[in-house]
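For reference, the structure discussed in these notes is given below.
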Amino acid sequence: MLSMRLFMSLILTVWLFTATKSLSQNTNVLDTNGKPLSRNKEYHIKPAITDNGGRFTLIDRNQSCPLYVGLENTDLPEGFPVKFTPFAKGDKYVKLGKDFTVVFSAATTCVQSTAWSVGSTEAKSGRRLVVTGGDVGERAYGSYFRIVAVEGRAGIYNIQWCPTDVCNICRFRCGTAGILRENGKILLALDGGMLPVVFQKV
């Protein structure tokens, strides 16, 4: 009798875990108006805490291509909007914990896309910067990001890189995006502190 109760308790625990995980992955990410982030619509990304910088933008780090993902130094209405494209073809909205690509809606002098991608580890900082010019194909693992909610803060999120929807058998060194200040510029980078953000529809 005891073993049967233990077995039923184990089954219930597994079911609750699966249901909770499934529910979280079917929850839409919301913009600052409380509306779901829609596929291929334009949004500005900005820090939830303004002291961290302004809207997301393209950064010319070394006076050469590629351009990097970063933040404006002020909270003025500048920066470039982005478009999100969920990996799951049937997803009309961006969902928590689900992979997507992100592209700046901007033209540049660099002959390459403005799609985000994770760069290699920098020798000086030991961090991976988020750079543009990435491929957006299904096997372009570096170009797929995801959004997770900041616990206890509705409408505030973190951006992560961990493309396990794209490749569920791969082992990635996942990371959460934060900022790296360099020569007066604010760059987006993994492997450091986390940057809480919000999404503002254009």
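The values are calculated or read from the model by the stated rules, or taken from the named source; none is laboratory data. This is a predicted model, so every value here is computed, not measured. Positions of Cβ are backbone-derived with ideal geometry, glycine not excepted, and every protein chain shown enters the neighbour counts.
Among the residues of the range 157-195, those that are touching a residue at least 40 places away in the same chain (Cβ under 8 Å), over 20 Å from A140 (Cβ atoms), surrounded by 14 or more Cβ atoms within 10 Å (Cβ to Cβ) and not aliphatic (A, V, I, L, M) comprise Y157, E182, K185, D191, G192.
The condition of being surrounded by 14 or more Cβ atoms within 10 Å (Cβ to Cβ), out of contact with any strand residue (DSSP E or B) (no Cβ under 7 Å at 6 or more places or on another chain), hydroxyl-bearing (S, T, Y) and modelled with pLDDT under 95 does not hold for S9. Among the residues making up the range 85-121, those that are under 18 Å from K201 (Cβ atoms) and β-branched (V, I, T) are T85, V94, V102, V103. Residues in the range 121-148 that are aliphatic (A, V, I, L, M) and within 16 Å of F84 (Cβ to Cβ): 5 in all.
If I ask for residues that are more than 14 Å from the chain's Cα centre (by Cα) and either in a strand (DSSP E or B) or under 16 Å from F145 (Cα atoms) (or both), which ones from the range 102-120 would you list? Across the range 102-120, the qualifying residues are T114, G119, S120. G126 meets the conditions (1) at pLDDT 95 or above; (2) more than 14 Å from the chain's Cα centre (by Cα); (3) surrounded by 15 or more Cβ atoms within 10 Å (Cβ to Cβ); (4) more than 20 Å from E72 (Cβ to Cβ) in every case but one. The failed one is (3). Each residue in the range 131-146 was checked for being buried (at least 19 other Cβ atoms within 10 Å of the Cβ) and within 17 Å of F104 (Cβ to Cβ), and 8 pass. Entry remark, the range 178-202: residues being under 24 Å from G34 (Cα atoms), out of contact with any helix residue (DSSP H, G or I) (no Cβ under 9 Å at 6 or more places or on another chain) and not in a strand (DSSP E or B) number 2 in total. Would you be able to tell me the number of residues in the range 89-118 that are surrounded by 13 or more Cβ atoms within 10 Å (Cβ to Cβ), at pLDDT below 95 and not polar (S, T, N, Q)? So the answer is 2.
Each residue in the range 88-101 was checked for being under 16 Å from E42 (Cβ atoms) and either free of Cβ contacts under 8 Å to residues at least 40 places away in the same chain or in a loop (DSSP other than H, G, I, E, B) (or both), and 2 of them qualify.
Scanning the range 138-177 for residues that are among the aliphatic types (A, V, I, L, M) and either within 21 Å of K89 (Cβ to Cβ) or in a helix (DSSP H, G or I) (or both) gives A140, I147, V166, I169.
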